[in-house]
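Below you'll find the structure, written out as structure tokens, and then a few comments.
The values are calculated or read from the model by the stated rules, or taken from the named source; none is laboratory data. None of the values given here were measured: they were computed from a predicted structure. Virtual Cβ from ideal backbone geometry, glycine too; neighbours counted across all protein chains shown.
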Amino acid sequence: MTQSKNETPMMNLSSENITENVKRINEAPDKPRLSYIMERLVSHVHDFARETRLSTKEWLAGIDYLTAVGVRQKSEFMLLSDILGLSLLVDSIDHPKPPGSTEGTLIGPFHSHEAEVMQNGDSISHDTNGTPCLVLGSVKDRQGQPIPGVKVDAWETDSSGHYDLQNEHRQNLDGRAVLESDPDGRFWFEAIIPVMYPIPHDGPVGQLLALLGRHPWRPAHMHFMFEKVGYDQLITALYMRGDPHETTDAVFGVKESLLVETSPASDAIAAQYGIKVGTPVLKHDFVLVSEAEASKLRDDLSVKALRDLGRKVKIVDGLPVPDVD
């Protein structure tokens with residue numbers, strides 16, 4: 001009788017043969033993507049232990065650290081992913097951007113699906129200590145055609161550098177809103193000029209930054225998320241040019257194409273949008289990629305990257321799995 005993988009004896013396991021045994025027993029032929037992820041995870045984790053000659057004391061310290069991160073809940077794990085550059089890497093892989101489109105960046109831990117739906121021209125911030133500004137945006141495709149009806153999700157901190165979600169005594173959400181691009185692909189709202197701020201660093205992530213001699217600061221920025229059927233989701237942010245942390249963002253989010261400056265509102269702009277002459281205006285044109293374009297580019301880049309690593313793969317449901325044919 002043929003033995004199943006769970007019945008095959010595994011004895012006298014050692015540092016030399018443990019990896020192949022773990023990979024074998026994790027195989028799930030009916031779940032090729034899961035099998036591939038687990039095979040690669042085990043290989044890299046085991047190689048990490050071998051290459052660093054990981055000690056039991058260090059291994060236990062690592063487990064204690066991840067346990068402490070878990071106690072702080074999901075947002076702390078998100079911060080850990082952010083400071084390790086993993087968040088930006090995953091976004092770059094999953095949402096590749098062809099030339100001429102707006103680059104993406106990480107979402108961060110303070111997005112909320114509970115943001116109020118507002119109309120173009122509304123104010124998303126009620127912070128009277130912030131410097132008012134007008135945000136003028138447009139959404140187009142790569143051919144320069146405006147895209148109406150795009151869900152535009154925007155959020156920023158208050159003038160003290162805190163998101164509404166960080167205030168446990170808040171009555172309502174603030175500094176965020178969901179709008180929709182008009183028939184000409186335009187959207188606009190009143191906000192405050194973004195300020196720099198430190199990521200939460202009173203927990204395990206902050207301890208790691210301190211050990212590494214890294215600062216916790218993020219340059220001033222405003223977050224945006226764009227969604228419409230037929231287009232690849234865009235998660236991005238606009239960063240204020242000249243911020244002292246522009247080149248040392250704690251979570252690696254800044255890209256040259258996302259650096260912006262404000263300009264004072266002209267008489268015409270002030271009259272059109274009902275603001276004071278000279279009010280800072282933050283203007284930017286966003287370019288979305290179609291789902292078909294993004295899907296093809298993602299598949300092509302995946303195959304090339306893995307073949308460059310010597311791995312033969314095929315694409316199934318948009319994700320690479322080993323090609324054993």
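Some notes on this structure:
This table checks each residue for (1) in contact with a strand residue (DSSP E or B) (Cβ under 8 Å, 6 or more places away or on another chain); (2) outside any loop (DSSP other than H, G, I, E, B); (3) not charged (D, E, K, R).
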position	(1), (2), (3)
195	no, no, yes
202	no, no, no
206	no, yes, yes
209	no, yes, yes
226	yes, yes, yes
239	yes, yes, yes
247	no, no, yes
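Conditions (1) over 17 Å from the mean Cα position of the chain (by Cα); (2) assigned by TED's automatic domain parsing to the domain that holds residue 280; (3) under 22 Å from residue 112 (Cβ atoms), marked per residue:
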{"position": "236", "(1), (2), (3)": "no, yes, yes"}
{"position": "243", "(1), (2), (3)": "yes, yes, no"}
{"position": "246", "(1), (2), (3)": "yes, yes, no"}
{"position": "252", "(1), (2), (3)": "no, yes, no"}
{"position": "256", "(1), (2), (3)": "no, yes, no"}
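- Every test in (1) surrounded by 15 or more Cβ atoms within 10 Å (Cβ to Cβ); (2) touching a residue at least 60 places away in the same chain (Cβ under 8 Å); (3) of a type in the set (Asp, Glu) is passed by residue 249 save one, and that test is (2).
- Any chance residue 121 is surrounded by fewer than 21 Cβ atoms within 10 Å (Cβ to Cβ), farther than 14 Å from residue 233 by Cα and in the same structural domain as residue 272 (by TED's automatic domain parsing): yes
- All positions within the stretch 266-325 that are of a type in the set (Val, Ile, Thr) and crowded, with 16+ Cβ neighbours inside 10 Å: 269, 275, 279, 281, 287, 289, 303, 313, 321
- Test: residue in the stretch 88-108 that is under 18 Å from residue 204 (Cα atoms), surrounded by 13 or more Cβ atoms within 10 Å (Cβ to Cβ), in the same structural domain as residue 278 (by TED's automatic domain parsing) and touching a residue at least 40 places away in the same chain (Cβ under 8 Å): yes
- Search result, residues across the stretch 146-171 that are of a type in the set (S, T, N, Q) and free of Cβ contacts under 8 Å to residues at least 24 places away in the same chain: 167, 171
- Pair list, Cβ < 6 Å and 6+ apart or interchain, from the stretch 46-74 residues that are under 22 Å from residue 13 (Cα atoms) to residues that are at pLDDT 95 or above: none
- Residue 271 vs. criteria of a type outside the set (Ser, Thr, Tyr), out of contact with any strand residue (DSSP E or B) (no Cβ under 8 Å at 6 or more places or on another chain) and outside any loop (DSSP other than H, G, I, E, B): yes
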